[in-house]
Amino acid sequence: MGLPRKPGIIGEEVENYYRDGHIREIAAYCESDVVNTYRVWLRYELFRGRLSNGKFQASEACLIDLMKERSKRGLASPVFFCLACHCRNSAVPSFV
């Protein structure tokens, strides 16, 4: 689906990261899940015909803007901003 990979940790490591005080890394891990889940849902709605290509593109653009704004304000990890860059560079399948 062209979604970006998650940051360097995996789910079973989260407890150890928490114990070691690596909260930002956990946040980046969770943020990537949220963004990718939303993007999968957008594509699902697009393929079901409940979301037009234009609205799909607009939703992706809004997501990019949100991630940029959160990154500027220090409310998101750098990984969150990288996901925005990836969103901008991913293409809608040509058969849609």
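The values are calculated or read from the model by the stated rules, or taken from the named source; none is laboratory data. Since we're looking at a predicted model, the values are computed, not measured. Don't worry about glycine lacking a Cβ; one is built from the backbone with ideal geometry, like all the others, and counts go over all protein chains shown.
Residue-wise test of (1) part of a helix (DSSP H, G or I); (2) at pLDDT 85 or above; (3) touching a Gly at 6+ places or on another chain (Cβ under 8 Å).
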residue	(1), (2), (3)
V40	yes, yes, no
E45	yes, yes, no
L51	no, yes, no
S59	yes, yes, no
C62	yes, yes, no
K68	yes, no, no
S71	yes, no, no
F80	yes, no, no
L83	yes, no, no
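Of the residues making up the range 9-29, those that are loosely packed, with under 15 Cβ neighbours inside 10 Å and under 19 Å from G74 (Cα atoms) number 3. Among the residues making up the range 15-38, those that are among the acidic types (D, E) and part of a helix (DSSP H, G or I) are E15, E25, E31, D33.
Pairs meeting the criteria (first residue in the range 1-17 and among the basic types (K, R), second residue at pLDDT below 90 and surrounded by fewer than 15 Cβ atoms within 10 Å (Cβ to Cβ), beta carbons under 9 Å, at least 6 apart or on different chains) are K6/D33. Please count how many residues of the range 3-53 are over 17 Å from M67 (Cα atoms) and among the acidic types (D, E). Final tally of qualifying residues: 5.
Sub-6 Å Cβ pairs linking a first residue in the range 62-73 that is farther than 14 Å from A27 by Cβ to a second residue that is among the charged types (D, E, K, R) and assigned to a helix (DSSP H, G or I), at least 6 apart or interchain, are I64/R88, ordered by first then second residue.
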